[in-house]
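The values are calculated or read from the model by the stated rules, or taken from the named source; none is laboratory data. All values reported here derive from a predicted model rather than from experimental measurement. Every residue, glycine among them, receives a Cβ derived from its backbone with ideal geometry; neighbour counts consider all protein chains shown. What goes into the accessible areas is simple: the full protein's heavy atoms, side chains included, and nothing from ligands, DNA or RNA. Shrake-Rupley method; radii C 1.70, N 1.55, O 1.52, S 1.80 Å.
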Amino acid sequence: MTETAVSPAPQPRPTATASAKQRDTPTAAPARSSTSGGRLRALDGLRLLAALMVAAYHYGGRGGDVSTAWGSSPKDQFPTLHAYFSYGCLGVQVFFVISGFVICMSGWGRPLRSFFASRASRLLPAYWVAVLLVTAVFALPVVVYEAVSPSDALVNLTMLQQPLGADRVLGVCWTLWVEIRFYALFALFVVMPGASRRRVILFCAVWTMAAAIAEAANEPLLDLVLMPEYAPFFIGGIGLYLVHRDRKDAYAWGIVGVSWLIGQHYAVRDLWHAPSADAFSHRTSFGVILVVTLGFVAVAAIALGRLNWANWRWLTVAGALTYPFYLVHEHLGWVVIHALHRGLGIGSAETFVLTITAMLALAWLLNRYVEETLPPKIRTLLSRPSAKPPSETA
């Protein structure tokens, strides 16, 4: 959800005499790479589709604060569609599969400083603006929702509000905390020592086993670090990137298969009958498994080049809008729904479409005036080597 999808340029194949060790070094190319060297525009489109799934869930697939915006439960606003909208929360799991794929792709062969600079410059600018914007809008007297305290709003700028126990400005920011922990694990065990096929496979295997042990141990610290309920989606995405590099890699397919099996288990367990009073707990286990499977299949089709025909330029724009749209759509969407539906008396379906459109327009503005200006400057600043300390004199 937070990364562009550009396939690395194809590398020359190693000679027939190259040793296995040479082929597995961080700088060596895979023996049978399927990379095309172009932008994976279909992945951009899938990212936006996942974001729209989440928006459908937040607007019509659950209760809670959005019911205040509508004036009644979304069950009443969308008597039939609310049952389908409730599956939209699984767009997050699809995001995590995409993230595993793209982070492995972007971190391969990149030094740690560059990896950190790319992540920070990609995540922070739009996030900072979204936090300030939502805080300011919720502070307006005409808005029915209560803003967080000034202290908590400031803590939110660090992205560490969840572990620090502060109120969240953005409801969706919990997924960013999950992403940050994934980035840290990947940076520590893959990027810092240097990415290679062997190291990535070992990382996936060890994380899968460690996450299972953490689940069995029921130890909060292990759960916090290893994220057993989300790990299989990231790991599955990483496995699919290995498939993208070499579609005949049996180990990669094994990683994908095991990750799908474990991932659907957690998705069914956590979402089949969600414990929250605001959730619509009528999803079927078959429906949850189907959506998770379609997410894996879609990324697999992209990895195998089956969707290379979807090379339309507008998909690049769609991918660029995904992150800012994801950040602002929930809370600001409530304000727009309230204004259109209860303020102007516009029908439920029309309000739904107009709210999505308004949030996409706001996302375009954030992309145009924030993401296209600040990230390059931050990336350059963070990538710059530190100055050497002056030599000491006697």
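Key figures
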read-out	value
Relative compactness, the range 222-368, computed as alpha-carbon Rg over 2.2 N^0.38 Å	1.30
Burial ranking of peptide ranges 59-68, 39-48, 190-199, 212-221 (average Cβ count within 10 Å, highest at the top)	39-48, 59-68, 190-199, 212-221
FRET efficiency, 1/(1 + (r/R0)^6) with R0 41 Å, evaluated for residue 151 and residue 189 via beta carbons	0.70
For the range 131-198, the fraction of alpha-carbon pairs in successive 5 Å shells from zero, as %	3, 16, 21, 16, 12, 9, 8, 6, 4, 3, 1, 0
Extent along principal axes [Cα atoms of the chain; Å; largest to smallest]	73, 66, 48
Accessible solvent surface per residue of the range 321-391, calculated while the other protein chains remain in place, 1.4 angstrom probe, Å²	53
Local electrostatic count, residue 149, Cβ distance below 13 Å [Lys/Arg +1, Asp/Glu -1]	-2
Pairwise label distance in nanometres, residue 221 with residue 164, each label 7 Å out on the Cα-Cβ vector	2.3
Protein-only accessible surface order, largest first, of 138, 234 at 1.4 Å	138, 234
Viscosity 0.890 mPa s, temperature 25 °C, Stokes-Einstein D of the range 193-293 from Kirkwood C-alpha radius, µm²/s	168
Structure-based [θ]222 nm, the chain - -39500 (n - 2.57) summed over DSSP H runs of at least 4, per residue, nearest 500	-20000 deg cm²/dmol
Stretch gain in nm, segment residue 132-residue 276, where the contour uses 0.36 nm per residue and the Cα spacing is subtracted	49.0 nm
Heavy-atom accessible surface of the range 327-375: percent carbon and sulfur, 1.4 Å	67
Dipole magnitude (debye, nearest 20) for the chain, charges at Cβ of Lys, Arg, Asp, Glu	1800
Rg to Rh, two decimals, where the range 40-191 supplies the alpha carbon set and Rh follows Kirkwood	1.01
The range 71-110 - Kirkwood radius from inverse mean 1/r over Cα pairs (Å)	12.6
Of all accessible heavy-atom area on the range 46-130, the percent that carbon and sulfur account for (1.4 Å)	64
Label-to-label distance, nm, for residues given as residue 383 and residue 297 (7 Å Cα→Cβ offset)	3.9
Nearest-ten-degree value, helix 112-138 long axis tilted from longest Cα axis of the chain	0
Relative contact order, percent, the chain [alpha-carbon distance under 8 Å, six or more residues apart]	27
Under-5 Å amide H pairs with residue 39, H placed in peptide plane, nonlocal only	7
Alpha-carbon centroid distance for the pair the range 133-151 / the range 156-208, whole angstrom	29
Debye log10 I(q)/I(0) for the range 113-267, one point scatterer per Cα, at q = 0.13, 0.16, 0.19 Å⁻¹	-0.73, -0.97, -1.16
